[in-house]
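Worksheet for the structure shown next.
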Amino acid sequence: MKWSMLAALVAAAALPAAAEQENFSIDPNHTFPAYEIGHFGYSFQRGRFDRTAGKITLDTAAKKGSAYVTMDAASVSTGVPKLDENLQSEDFFDAAKYPQIIFASNDLVFDGDRVASANGTLAMHGVTRPVTFTLTYFHCGQHPMLKKKVCGADMTARIKRSEFGMSKYLSVLADEVLLRVNVEAMSDS
């Protein structure tokens with residue numbers, strides 16, 4: 001009897017630890033999705049979205065996770081109010097008709113304990129297309145003030161705006177857009 005209990009304990013110890021999924025909520029005060037687009041061939045114009053929300057799950061033991069990020073299209077901000085109005089109009093984001101821009105991923109790719117990329121879909125302007133964000137930075141740790149686990153990342157992707165039905169002014173505004181998202185997310189536990 002003792003040998004069978006000992007054998008069971010040894011066998012249990014040899015099993016891999018159960019994966020533990022952690023849930024995080026995006027901190028809207030420290031998360032600002034931004035974009036960069038060529039302007040008349042002279043410069044690059046930048047803007048960001050000021051209202052963002054979402055959830056992230058991580059299971060570093062199993063090397064998997066998910067991300068769901070929403071951006072309020074009407075919160076686009078360039079520092080130029082008239083341009084912001086134009087970007088919210090039917091010519092670009094059409095924020096009245098398509099109020100949310102959504103990135104969803106159930107395929108976080110790990111390199112060791114670090115998330116290296118996120119394969120998913122981007123829904124914008126009534127079109128949903130596959131997109132991969134490459135993480136140029138990723139770090140999780142105990143926040144010294146909040147006393148909670150916080151994860152932060154910086155990630156980039158390139159898209160063609162025409163593939164999302166935004167082809168206005170293609171002769172002067174670049175089709176390719178660089179998306180850059182800096183994100184902080186706090187543990188829900």
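Every residue, every condition in (1) of a type outside the set (Ser, Thr, Tyr); (2) outside any strand (DSSP E or B); (3) in contact (Cβ under 8 Å) with a residue 60 or more places away in the chain; (4) touching a Gly at 6+ places or on another chain (Cβ under 6 Å), yes or no:
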site	(1), (2), (3), (4)
Arg46	yes, no, no, no
Ala53	yes, no, no, no
Leu58	yes, no, yes, yes
Ala61	yes, yes, no, no
Tyr68	no, no, no, yes
Ala74	yes, yes, no, no
Leu83	yes, yes, no, no
Phe93	yes, yes, yes, no
Ala96	yes, yes, no, no
Practice task
Using the structure shown, decide if Ala174 is touching a strand residue (DSSP E or B) at 6+ places or on another chain (Cβ under 6 Å) and without any contact (Cβ under 8 Å) to a residue 60 or more places away in the chain.
Solution key: no
Considering residues that are of a type outside the set (Ser, Thr, Tyr) and either touching a Lys or Arg at 6+ places or on another chain (Cβ under 6 Å) or surrounded by 17 or more Cβ atoms within 10 Å (Cβ to Cβ) (or both), the number found within segment 145-162 is 9
Picked from segment 70-88 (must be closer than 21 Å to Ala185 by Cβ and of a type outside the set (A, V, I, L, M)), the residue farthest from the chain's Cα centre (by Cα) is Ser75
Return a yes/no flag: does segment 158-168 have any residue that is closer than 24 Å to Arg46 by Cβ and without any contact (Cβ under 8 Å) to a residue 12 or more places away in the chain.
yes
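Taking segment 141-189 as the search range and keeping residues that are part of a strand (DSSP E or B) and among the hydroxyl-bearing types (Ser, Thr, Tyr), which one is farthest from Ala53 (Cα to Cα)? Before the answer, list the steps.
Taking segment 141-189 as the starting set, the residues that turn out to be part of a strand (DSSP E or B) are 141-142, 149-160, 173-187.
Now restrict to residues that are among the hydroxyl-bearing types (Ser, Thr, Tyr): 156, 187.
On the way: Thr156: 18, Ser187: 14 Å.
The residue in question is Thr156.
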For segment 137-149, pairs from a residue that is on the phi < 0 side of the Ramachandran plot to a residue that is of a type in the set (Val, Ile, Thr), with Cβ under 6 Å and 6 or more apart or across chains, are Phe138/Val115; His143/Val150
Restricting attention to segment 115-136, the residues that are in contact (Cβ under 8 Å) with a residue 40 or more places away in the chain, in contact with a helix residue (DSSP H, G or I) (Cβ under 6 Å, 6 or more places away or on another chain) and either closer than 15 Å to Ser66 by Cβ or part of a strand (DSSP E or B) (or both) number exactly 1
Those residues of segment 55-73 which are out of contact with any Asp or Glu (no Cβ under 7 Å at 6 or more places or on another chain), hydrophobic (A, V, I, L, M, F, W, C) and surrounded by fewer than 18 Cβ atoms within 10 Å (Cβ to Cβ) amount to Ala62
The condition of being of a type in the set (Lys, Arg), under 15 Å from Met155 (Cα atoms) and surrounded by fewer than 17 Cβ atoms within 10 Å (Cβ to Cβ) holds, among Arg46, Arg114, only for Arg114
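Matching residues to (1) among the β-branched types (Val, Ile, Thr); (2) at pLDDT below 95; (3) within 25 Å of Gly112 (Cβ to Cβ):
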residue	(1), (2), (3)
Arg46	no, no, no
Arg51	no, no, no
Ile56	yes, no, yes
Thr78	yes, no, no
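The values are calculated or read from the model by the stated rules, or taken from the named source; none is laboratory data. Everything numeric here is computed off the predicted structure, so don't read it as measured data. Neighbour counts are summed over all protein chains in view; Cβ atoms, including those assigned to glycine, are modelled from backbone coordinates with ideal geometry.
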